[in-house]
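I have placed the structure first, in the form of structure tokens, so that the comments after it can refer back to it.
The values are calculated or read from the model by the stated rules, or taken from the named source; none is laboratory data. This structure is a prediction, so every number in the text was calculated from the model and none was measured. Using ideal geometry, Cβ is built from the backbone for each residue, glycine included, and neighbour counts are taken over all protein chains shown. Accessible surface areas use protein heavy atoms only, side chains included; no ligands, DNA or RNA. Shrake-Rupley method; radii C 1.70, N 1.55, O 1.52, S 1.80 Å.
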Amino acid sequence: MRPILFIDRDGTIIREVEDEKIDKVEKLNFLPEVLYYLRKIKKEFDYLLVMVTNQDGLGTQAFPDCDFWPIQNLIMRLLESAGVPFDAVHIDEHYERDNHPNRKPGTGMLTAYMNGDYDLANSFVIGDRPTDVQLARNLECRAIYLNSMYSDTTTEAESKPKDWKEVYEYLVNLK
């Protein structure tokens, strides 16, 4: 049984933008050193890497697929070329008001990982919002709450690193 790193996209791998839509290449910026440290994690640990992201209104007129997919595909190609291929990607398009079970912190997109074939006790959700920490609770795994513009000092998480170097160091110290 392998453990998993369930990793949020916006604000965790790439910088969050004010309108919360990465719909143009000009808006795409990776967080500092994320590629370097994710590559080290991929090489040195046995985690599966699973991207889990909410993309409000994806596929609607407000956020058409033609604006999203070229950027998403570019992100995945850049990650792979940096030695960080993801094992799976789960994208939910629902708005928070929809209260859909697939939307984080719901686990609807991730039920396949809850069947006992994975080591959830030693898995983590890495994200920048309280909903990522709640997703970890809902999956019965651990949370790493990456410091961001959404930082919440009241959110309980296993670790609260300020950057990817600290995420990596935290995981090394668990070995």
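Would you confirm, using the coordinates I've provided, whether Pro32 is open to solvent by 30 Å² or more (accessible area, probe 1.4 Å) and touching a residue at least 24 places away in the same chain (Cβ under 8 Å)? So Pro32 passes the test. Can you find even one residue in the stretch 67-75 that is of a type outside the set (Ser, Thr, Tyr), touching a Lys or Arg at 6+ places or on another chain (Cβ under 8 Å) and over 23 Å from Pro32 (Cα atoms)? Yes, some residue in the stretch 67-75 is of a type outside the set (Ser, Thr, Tyr), touching a Lys or Arg at 6+ places or on another chain (Cβ under 8 Å) and over 23 Å from Pro32 (Cα atoms).
Scan the stretch 55-66 for residues that are of a type outside the set (A, V, I, L, M) and open to solvent by 30 Å² or more (accessible area, probe 1.4 Å) and jot them down. Correct list: Asp56, Gly59, Thr60, Gln61, Pro64, Asp65, Cys66. Take Gly83 and decide whether it is closer than 26 Å to Leu28 by Cβ, exposed (fewer than 15 other Cβ atoms within 10 Å of the Cβ) and not hydroxyl-bearing (Ser, Thr, Tyr). Answer is yes for this residue.
Considering the stretch 147-175, and only residues there that are part of a loop (DSSP other than H, G, I, E, B) and open to solvent by less than 70 Å² (accessible area, probe 1.4 Å), the residue that is modelled with the highest pLDDT turns out to be Asp163.
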